[in-house]
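Data first, discussion second: the structure below is written as structure tokens.
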Ligand SMILES: Cc1cc2nc3c(=O)[nH]c(=O)nc-3n(C[C@H](O)[C@H](O)[C@H](O)COP(=O)(O)OP(=O)(O)OC[C@H]3O[C@@H](n4cnc5c(N)ncnc54)[C@H](O)[C@@H]3O)c2cc1C
């Protein structure tokens, strides 16, 4: 067995459920479906297909959950990174309707799967969107009305300061939108549970098996350094970590880094900070997100580095943000700090489609991928089984290259983001 690329130095890696080391691919194997990448997209589509009786092989360059899926904020956020009203005004109701009908499905898939396979991942109900100014509270009200229009009625807006502090004990917020169907969980343990579910259904996962090339054909051939998979279908599910594998996919998106810390366990203080135990994200353009872990640490994330460099000192970026929200944590010990990459698209909508008749892809959830990756896993399964109607609802969305190409997309996007950041700091 070869050495496996280690996980990012996160709290999640340190507290992951025991899991077997999986072999790397050696020699030639056959499959109905070969999936490249063992994050939520790959595992979720693999489970959908293996449950339907397909022979599924997953090839993962590092370990299960090594990418964003094993190191994210762990927050269940509905919908897409572009609001459904914007989708409607840009592309019309015909395009928006099926997307709107699916925008709460991903969270249901996660909950069904955790229950069905008894996945131990600290899943808790309840999420909060937090606003810092009256203008931002108004945006929460609009958000509530929009989601209610699309059938999601479980929302309540809280603007009374003393009530706010019973939910999130910070002076920063003027309003909270509570979504009881939001929630949070240990992201790496979800991937490990999903990998076990896939194997339970007859799927095979090879770790330390980076794909170097995919040959097109009626039978596609997926190559690694020491083996290959001959498959009727392929799903490319590499997201921000795709590197040079499929240049077309890399050229229409941009990897971005975001940083997270986990404090030492806070004991009773944790319940004072977030008495509701809900997860929280603010509604700024460059947002902060935080929640309590199963063992009562504060997990706090925020910021974006366009182009996805790994910063040397995650703590120095995130601790000042955390102290703005919770000054009562001054001096608290931080046990872990890590970075992870998500994939930004120009439209902020996911990029879904086919590279050839039998090679599918999905990428670019632009930071809100926990629920979408679970939804698209189901839709990839439907498409490969012969019913592509719901998959095509996403595949028909246009994909735009970033202005400036791969060389200048970072400074161009950073300039655009600076404008929105300035608006946030002015509270507009
Ligand atoms: C720090 C952070 C916080 C986030 N917080 C949230 C949140 O709270 N809520 C939310 O909704 N979203 C969040 N996101 C976004 C969300 O995590 C992602 O959208 C989602 O996990 C993407 O899943 P994926 O399976 O598509 O990609 P990934 O999980 O990145 O998986 C891709 C996999 O492909 C593998 N791979 C790449 N190239 C190859 C190759 N050539 N051969 C084989 N394997 C390969 C990689 O090793 C990796 O394991 C966050 C992202 C980050 C980085």
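A short reminder: the numbers here are calculations on the coordinates, not readings from a lab. Nothing here was measured: the structure is a model prediction, and the numbers come from that model. With ideal geometry, Cβ positions are generated from the backbone for all residues, glycine too; neighbour counts draw on all protein chains shown.
List of remarks:
- For the chain, alpha-carbon Rg over 2.2 N^0.38 Å: 0.95
- On the basis of the beta-carbon distance and an R0 of 45 Å, residue 162 and residue 4 show a calculated FRET efficiency of 0.35.
- Applying the Kirkwood pairwise sum to the alpha-carbon positions of segment 22-70 produces a hydrodynamic radius of 11.3 angstrom.
- FRET efficiency, residue 138 to residue 400 (Cβ-Cβ, R0 30 Å, nearest 0.05): 0.50
- Residue list for segment 359-378, given a label point 7 angstrom along the Cα-to-Cβ vector of residue 244 and an amide N cut-off under 11 Å: none
- Cα→Cβ-extended label distance, 7 Å offset, between residue 355 and residue 387, nm: 2.8
- Paramagnetic label zone (point 7 Å from Cα along Cα-to-C-beta, residue 212; backbone N under 12 Å) in segment 4-31: none
- The calculated FRET efficiency for residue 286 paired with residue 316, based on their beta-carbon distance and R0 = 22 Å, is about 0.85.
- In nm, spacing of pseudo-spin labels at residue 295 and residue 21 (7 Å Cα→C-beta vector): 2.3
- Zero-based 5 Å bins, Cα pair distances in segment 129-253, whole percents: 2, 8, 12, 12, 11, 9, 9, 9, 10, 9, 6, 2, 0
- Spin-label zone in segment 140-172 - amide nitrogen under 15 Å from a point set 7 Å from the Cα of residue 180 along the C-beta vector: 152-158
- Dimensions of segment 301-372 based on its C-alpha atoms, expressed as ranges along the principal axes with the largest first, amount to 57, 22, 21 Å.
- Here the simple spin-label model places points 7 Å from the Cα toward Cβ, and for residue 118 and residue 309 these points are separated by 4.9 nm.
- Chain lengthening between residue 32 and residue 83 when straightened (0.36 nm per residue, less Cα-Cα): 14.8 nm
- Going from the fewest other Cβ atoms within 10 Å to the most, the residues 186, 152 appear in the order 152, 186.
- Per residue, the Cα convex hull of segment 9-109 amounts to 161 Å³.
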